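The values are calculated or read from the model by the stated rules, or taken from the named source; none is laboratory data. Keep in mind that this is a model prediction, so the values were computed, not measured. FYI the Cβ positions are ideal-geometry reconstructions off the backbone, even for glycines, and counts take in every protein chain you see.
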Amino acid sequence: MLYGFAAPGAGCKEDLGISVNKVGEKPAAVSNVQVTPISGGATLKYDLPLSEDLRYVKAVYTLDNGVKREAKASIYKNEITVDGFGKEEHIA
């Protein structure tokens, strides 16, 4: 068995501005979305909303065969990749 503990004050000192407590507001949607087609998918670049409750960005989409997929991106990135599409289609 392995046990771990941390002494008070030990560990990471850098404040990344993320708290475990939620303020209670629903984060706004991403904005300024730019789509770059890739083979079988697309890369979406966007501006993140300013919100203390934002934890990640999630894209939920359905493939041609009816399978639902999702992709998640950290709040430290401003892009997400969706893939699994079999044929090239125009994305608006």
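Things to note:
- Residue tally, condition polar (S, T, N, Q) and modelled with pLDDT under 90, over the range 2-54: 3
- Selected residue (only one of THR43, THR36, THR81 is of a type in the set (S, T, N, Q) and exposed (fewer than 13 other Cβ atoms within 10 Å of the Cβ)): THR36
- Members of the range 46-69 found to be farther than 30 Å from GLY86 by Cβ and either loosely packed, with under 10 Cβ neighbours inside 10 Å or in contact with a His (Cβ under 9 Å, 6 or more places away or on another chain) (or both), listed by number: LEU50
- Neighbours by Cβ (under 6 Å, 6+ apart or cross-chain): first from the range 26-48, touching a residue at least 24 places away in the same chain (Cβ under 8 Å); second in a strand (DSSP E or B) and aromatic (Phe, Trp, Tyr): VAL30/TYR46
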